[in-house]
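The structure appears below as structure tokens.
Every number here is computed from the coordinates shown, using simple stated rules; none is lab data. What you see is a predicted model; the values in this text were computed from it and never measured. Quick reminder, even Gly has a Cβ in these numbers, built from the backbone with ideal geometry, and neighbours come from all protein chains shown.
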């Protein structure tokens, strides 16, 4: 028998092309009894391969083609890039564990371009391993190709001796010249050194005909094209899974090379135990087992959560503890308890996801805040003794502090016991098209056009796309290039493309993790700054659970950050120690907000479709929110109208059988939750809740054979309980579809609680909540724009960034006109916190910046690069210090000036200027700038680009009060939930372009923008031909059309359009006739109460912004408004005072303070300038907050203090 030992699967990422299931099936088909896996440098697919081989009756041989450093694995110089290959196979469990160690060391300690080991660790972890000399990149083959035969002999002897005879020369026979040279030399060395030979194929794909596609895969992996003659490629089509007959023919002269494959296969006998748990343990009181400690904690805490607990409560606790004891999961519960204890101590906001809220034990431990008895949550849905699977206690943490939790766990259990979990990105349908198109060298816009024809959705394949999309089928049939693109993409679609980190997965082990899973390095920023050395497992989530390791979900959730920040702001501003965990669940303001659908920024309830349903539902109880969280998803969504009608008495609540009423009364006769399915199975068929959950899972998987068996069991049980077979059939048919998509109630209640908390804060503390929302989402331009529009709707003024007013993040400013939200400096695109923290700190220490020169002198120039300065200038952060246009035009001079000032300070040359800097300001003279101007349109474009919103003005702002009566949706609300529906929108054309159809007709695609956001509008040729002049940038339009989504890209296909300008004194629209190509249709939104949202407050441009030009009623050339630097008011005279720095800084400061006292006695209209003579230069400073009356008495007092000629009055500017 022959066995393939050198095989690369798809987990040799973008190099191997063998899908594991197909590979094993092909080997089985060829009659092989064993098969190896030797992916490059990693063991990503080892367990998947092991399971698949076992399932198909083939012996799995686990191995890896590792990289060996030329010297030490720790050396990382240019010469160390020349690594060599070596194939290692695990003979037994010891060999497997040593292979785990070697791969982990290579990927953590030895990584330099590739994960590398060295001979020191090979010698340390050699036990139980068989080594093969590998491909032409192996150490011995490479030395042969370099004619270094003596060194090749020496290297081969080292491997032979190190592996105690378990080292083989690979004889690979491919029609390429280098293989003949290598094989000839290896056969000579084999006889000379007594090293056996073995036949291998270096498999990279399954079938010979896959060679072309594999070549394309290499192009994708190396970012080259098939036209590139210098790229990496395999020069033959022979790297496929050959049959035993083919290998026998190839090696007919070397039978021992074939027989040695079987010898190695027989020697490899690895059996992995998947039944053991490796749970970590926390410290516990002496003499107590983990279960006893858990029981003690719960018993002591029970009265806190259930004063005078009833028998039902005590029985539930006893039952859960019994199940935990039998399943041996006490350590798991204690580990989670310890983590949550730390989280609470650090005031980190958290929530628990999934079915964990169904456990009274977790409630007693303070892990969940949901009462499982109050909401009838089923413990068996969480932990089922009849299913014997480790439960999931999935935790959400505020996303800005998640790393703190991971660092705590790593510190507590040891960095070698904790890791994050890998996940693999695959070549999805769209990604496959784009990658293949690039590799084929096709025109990228053409490739993108084809990719966009693929519908967007989970588990979308090219086969499904071709079935569902006529446009894609037509393109394939009519264009040979597209057909080749799609055919090739289908062959690589679904392959693993890259490794990344699971968004939430964390694994904790009792023993060092490298004993159970291969690891690789994961560097990231720590919570306290600086790099933190973390690792991640090379096995994905499902494999981690399989080998008995504790996997946990630590998900970062922005909404928890918003909750935390909002409460901090409320506490600081109002002195209210608010705790959202103690708020009433029947707050009238909160339910009024929900009933109005004003849920932008409310967790789980902010989508436009959800807002519509929430408004229709008008929830009156917390359980209504939980039901909507559960219903608003594909499948159960179709039950929402019935649910709403039944709640409001518009449709009678009906139950297919009277015994369903107690179970479905809460949800108005609609099956909403998985728990209801369990209760129905329990009621009708006598199932235990554990058995019922097994039934639910079987229904969800839709296995016909299993379903038939379950159905028969259900009917038999129902008949035993006194129901007829017909009733049993009817009830089974009722619950079967719901079991697949009904929602976990524990999860719905947990998330509904966060939704309610966010709604409560928005309803009762709107300014604080919106500030927290903006601060948390500041890097997401779309969310900032939506939140800005919502703030205005709520009557909250937004103020732009200002170096003299802004903090690092968004803040609240209070005044006579009410509360306003001020943009933080770090909320500006291209500006990070590191650049602006020094600015804010300096202003706090020494007061506002009184001029641009003052800013340059005091701010940290080292943090202010050109890009940061330009961005801050463009958004108006320096408006108090000068014109945006002028400052931007002179930004190079400003940066040079600031750098010069920094050098002076760093030189240690103290100046009198430093003493006065807190109260004085330099005039423009020392920093000469050329005046410049900018149009209002360009200024607004800067704000939109860098802030995500218009602040100084918005071309559409004058229409904000009118769109409610003329539109049915806002531009920012267009989502796939509205696909196929007719809408009416109003907005400004922010961008426009024309294209040509295949028939040569012109159509327009424009970006229409209102205060809420943007959406794409398409005017097809018939409409465009009648309305060409409408589709120009800057025009404000009213558009009717149908929403259309293709994948993740949506647009509105216009049916009608007109220029839009409501009459300020009436309700009619006067801006011209509506031009349409077909009669409009109703869209289901007309007349819905409270929509669109009320107009927000008017814009208040900052003092230096030019007025916004009025919108035209018809297209015409735009009149450019120019913003010029404000000219200072003309003062009749100014006072100039001369000062000289001495070596006595204290005396200088005292003199200055006495001068200030004199000036304060003579208030008046004249400005004051100081000329300070310092050793290095003459400083000119203007006292901007103090003016005087120049008269003889004042002049006399100054000269008495400073000496004759120290002061003079002159005309301003001379």
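A few notes on this one:
- Modelled FRET efficiency - R0 35 Å, residue 267 with residue 389, Cβ distances, 0.05 increments: 0.50
- Nearest-ten-degree value, helix 177-193 long axis tilted from longest Cα axis of the chain: 60 degrees
- The calculated FRET efficiency for the pair residue 620 and residue 665, based on their C-beta separation and a Förster distance of 22 Å, comes to about 0.90.
- Computed extension gain for residue 1210 through residue 426, at 0.36 nm per residue and net of the alpha carbon distance, reaches 274.6 nm.
- Calculated Rg and Dmax of the chain using C-alpha coordinates, Å: 36.7, 119
- Compared with the dominant Cα axis of the chain, that is its longest principal axis, helix 745-764 is turned about 0°.
- Relative to the dominant Cα principal axis of the chain, helix 766-776 is inclined by about 60°.
- Taking a ≥ b ≥ c as the square roots of the eigenvalues of the Cα gyration tensor, segment 397-544 is classed as prolate, since a/c reaches at least 1.5 and a/b is larger than b/c.
- Proxy reagent accessibility, fewest Cβ within 10 Å first, across 747, 889, 498: 498, 889, 747
- Footprinting exposure proxy ranking of 234, 395, 699, fewest other C-beta atoms within 10 angstrom first, gives 234, 699, 395.
- Semi-axes of the equivalent ellipsoid for segment 428-494, computed as √(5λ) from the eigenvalues of its C-alpha gyration tensor and ordered from largest down, come to 16, 14, 10 Å.
- FRET efficiency, residue 813 to residue 301 (Cβ-Cβ, R0 51 Å, nearest 0.05): 0.70
- Contour minus Cα-Cα distance for residue 698 and residue 312 (0.36 nm per residue): 135.9 nm
- Between residue 713 and residue 573, the modelled label-to-label distance comes to 5.7 nm, taking each label 7 Å out from Cα in the direction of the beta carbon.
- In this rough spin-label picture, where each label sits 7 Å from Cα along the Cβ direction, the residue 1140-residue 326 distance is 9.8 nm.
- Residue-span extension gain [residue 581 to residue 233] - 0.36 nm each, minus C-alpha spacing: 119.2 nm
- Three principal axis extents describe the C-alpha atoms of segment 1133-1211; from largest down they are 33, 24, 21 Å.
- When 794, 695 are sorted by how many other C-beta atoms sit within 10 angstrom of their C-beta, beginning with the fewest, the order is 794, 695.
- The smallest convex shape that holds all Cα atoms of segment 556-597, its convex hull, gives 103 Å³ per residue.
- Extending 7 Å from the Cα toward the beta-carbon at both residue 347 and residue 688 defines two label points whose distance is 4.7 nm.
- Between segment 582-660 and segment 371-409, the alpha-carbon center distance in angstrom: 25 Å
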